[in-house]
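Computed from the coordinates by the stated procedures, all read-outs in this text should not be read as laboratory data. Just so it is clear, the model here is predicted, and its values are computed rather than measured. Cβ sites come from the backbone with ideal geometry, for glycine too, and all protein chains shown count toward neighbours.
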Amino acid sequence: MTYPPPYPYPHAPVRRWWQHPALIISALIVIPPAGIALAWLSQWNQTKKIIATVLAGLWFLTPFLGDPPKKTETAAKPKAAAATPATSPSPTEPPSYVGQNLKQAKTDAYAAGYNSISHDASPGNAGQWDDGNWKVCFQAPAANPVGKMATLDFGVVRNEWPCPAKDGEPIPYPKMPKVVGLTFVKASEALKPISLQKIEPQSAYTDVTLPATVDDWTVCFQEPEEGKEIQYPKTTTAYLKVVAPGTGCPAAEYTKLHPDPTPPSNDDDSSSSSGGSSSSGGGGQTGVGFGRFCSPVGARAITSDGRPAKCFMGKDGRARWGYAS
């Protein structure tokens, strides 16, 4: 008896390397389109393939689901920034350093991106050996820049001097005002704007000593004199000669308030001798002069201007005419 051949068992399908589940899942995450293609070529059932396709598609489209207006605005910003240089004006003007001390002005200018040089703003040509002693009156771009940086040229004068009206013009030095006739305190106030080194009171009379305070004393003479230009106030002292309240000013400087008495005349001529002898008869003589010799002591006479005179014995032992009170 012959038996039929046994029923053949079905063989398991062969899986290729690109159908390996791990490779397909990695592709779905890293490269979703490629992963979806591999999933449909795999041996997965229909349900798995659909789920894999939906999830990978959402994962792939997520970056593109942002807000379009924001992207447009962000993209527009570089364009606006690029357009700014075309519409911007020329470089801004440098800061003004007029009025500053030259040393500080140079420091500030360098910090702002500028080199600097300086020149005498007066008609002179003084060099600025110590920048701290000068101040800036004018500034302008330098004709010859120093290095590659923009350079400012400062027109300067000494700190104690006023600036000229224009760069290169004469300096309007302060002039000594008239203080004669003012009290010392008011004269000091009038001289304050000049910033003198010192204001010193002195007595207008050589025989009068000043007290500690002379604020209410009157100025009779001044040095420097009225109208004199003060070029170096920091080294200039004003000398004001004053008198006490109620005291008149002398006609000239170096005068005494109480001069020494005039010494008597030593004129011993014949007229005084004759005057003396004629007065011995008891007086009636006229035309004698005070201080002239006379005799005898006690004799009386009349001076040339009508005043009574009497013969007195002097300390030197000689008799002279004096006032008869």
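Going through the range 181-249, which GluC sites (Glu not before Pro) have at most 10 other Cβ atoms within 10 Å and a DSSP loop state?
Sparse-neighbourhood loop GluC sites (Glu not before Pro): GLU225.
Please report the projected area of the range 165-213's Cα convex hull averaged over all directions, in nm². Please report the intermediate quantities before stating the final value.
Working: hull surface 20.3 nm².
With the hull built on Cα positions only, its mean projection is 5.1 nm².
Excluding same-chain residues fewer than 8 positions from LYS192, which aspartates and glutamates have a Cα within less than 17 Å of its Cα?
Reachable aspartates and glutamates: GLU160, GLU200, ASP215, GLU223, GLU225, GLU226, GLU229.
Return the subset of LYS228/LYS256; LYS186/LYS256; LYS106/LYS234; LYS103/LYS186; LYS103/LYS198; LYS135/LYS228 for which the Cα-Cα distance in this structure is over 32 Å, preserving the input order.
As for pairs spanning more than 32 Å Cα to Cα, those are LYS103/LYS186.
For the pair VAL98 and GLU189, what calculated FRET efficiency results from E = 1/(1 + (r/R0)^6), where r is the Cβ-Cβ distance and R0 = 35 Å, to the nearest 0.05?
FRET efficiency, GLU189 to VAL98: 0.75.
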